[in-house]
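Since the structure comes first, as structure tokens, the remarks are kept for the end.
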Amino acid sequence: MEELNSEELFALWSEFKDSHSKSAKDRLLIHYAPLVKFVAGRVAVGLPQSIDQADLVSYGMFGLIDAIDKFDLDRKIKFETYAISRIKGAIIDELRAIDWVPRSVRAKARVVEKAYQKLEAKLLRTPTDKEVAEELGISEKELQSIYSRISFIGVVAFDEVISGGDKGDGSVSIGDTIADKRASSTNSFEREETKQILAQAINKLGDREKVVLALYYFEGFTLAEIGDVLGVTESRVCQIHTKAVMQLKSKLAESERELI
């Protein structure tokens with residue numbers, strides 16, 4: 001990042017918000033640009049090689065620009081926290097728009113999700129790998145292979161919109177835990193309700209799944225670093241992450257059905 005002390009940075013923000021100075025905005029973009037590379041690198045984990053990280057960075061820059069334009073200096077959060085969510089959202093939106101996931105992989109993901117949902121409703125608890133494999137009529141080894149093949153969907157899935165539609169229409173993404181003061185009271189209530197549902201769903205996960213989600217999404221660990229902590233390979237962490245996302249989506253779907 002451009003070397004600016006806290007006073008210089010605050011002065012730059014004040015100049016931009018007061019006068020919409022293009023030069024001030026450009027300096028802010030330069031200062032925070034490394035955030036985009038950081039987020040793009042994390043999103044790139046598990047994506048197919050056909051997805052160029054440079055493209056992810058370019059998608060993320062639109063999110064950074066949007067974050068700078070919309071950030072409220074009176075908010076009691078750091079800009080970096082706010083911007084990371086916007087940057088990731090911009091990247092995810094573009095990935096979804098270009099429909100980068102093969103149909104066969106999407107189909108496998110849907111089959112596994114339905115198996116989880118069916119077993120959750122039947123057993124009233126999180127099903128084991130053995131139970132999911134039996135439901136699908138495959139071995140546990142084959143199930144782990146499926147997790148590996150759909151793992152790059154999981155990285156994106158955690159940030160997909162729960163209620164469908166675009167983020168711009170007031171929907172809430174699973175990974176978004178930042179409330180917007182400018183949102184309507186109804187949207188604010190829905191966000192809080194969503195967070196509560198998500199927290200309850202995470203608490204019902206197994207210990208390893210909870211550790212992986214906590215370290216990856218909240219502590220900023222890479223999958224390789226998480227593997228070192230758990231004493232397993234990076235590919236195994238990717239499988240655990242995918243499994244956790246599948247379980248969360250199943251629990252969230254169940255919660256939505258109960259509200260209908």
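The values are calculated or read from the model by the stated rules, or taken from the named source; none is laboratory data. Bear in mind the structure is a predicted one, so any value in this text is a computation, not a measurement. Don't worry about glycine lacking a Cβ; one is built from the backbone with ideal geometry, like all the others, and counts go over all protein chains shown. Accessible surface is based on the protein model in full, side chains and every heavy atom, while ligands, DNA and RNA are left aside. Shrake-Rupley method; radii C 1.70, N 1.55, O 1.52, S 1.80 Å.
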Can you name the condition, by its number, that residue 95 falls short on among (1) under 26 Å from residue 148 (Cβ atoms); (2) free of Cβ contacts under 8 Å to residues at least 24 places away in the same chain? (2)
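The rows are residues; the columns are (1) at pLDDT 90 or above; (2) among the small types (Gly, Ala, Ser); (3) open to solvent by 20 Å² or more (accessible area, probe 1.4 Å); (4) out of contact with any His (no Cβ under 6 Å at 6 or more places or on another chain).
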residue: 125; (1), (2), (3), (4): no, no, yes, yes
residue: 128; (1), (2), (3), (4): no, no, yes, yes
residue: 133; (1), (2), (3), (4): yes, yes, no, yes
residue: 164; (1), (2), (3), (4): no, yes, yes, yes
Residue among 213, 143 that is part of a helix (DSSP H, G or I), open to solvent by less than 70 Å² (accessible area, probe 1.4 Å), modelled with pLDDT of 80 or more and touching an Asp or Glu at 6+ places or on another chain (Cβ under 8 Å): 143
Restricting the first residue to the range 100-114 and requiring it to be modelled with pLDDT of 80 or more and of a type in the set (A, V, I, L, M), which pairs with a second residue that is surrounded by 11 or more Cβ atoms within 10 Å (Cβ to Cβ) and assigned to a loop (DSSP other than H, G, I, E, B) meet a Cβ separation below 9 Å and a spacing of at least six or different chains? 109/101; 109/150; 112/150
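Within the range 223-254, restricting attention to residues that are of a type in the set (Gly, Ala, Ser), open to solvent by 30 Å² or more (accessible area, probe 1.4 Å) and at pLDDT below 85, which residue is nearest to residue 41 (Cα to Cα)?
The extreme case among them is 224.
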Out of 19, 85, 14, 50, report the one residue that is of a type in the set (Ser, Thr, Tyr) and without any contact (Cβ under 8 Å) to a residue 24 or more places away in the chain. 19
Taking the range 45-87, which residues are over 27 Å from residue 18 (Cα atoms) and open to solvent by 40 Å² or more (accessible area, probe 1.4 Å)? 49, 50, 52, 53, 54, 55, 57, 58, 59
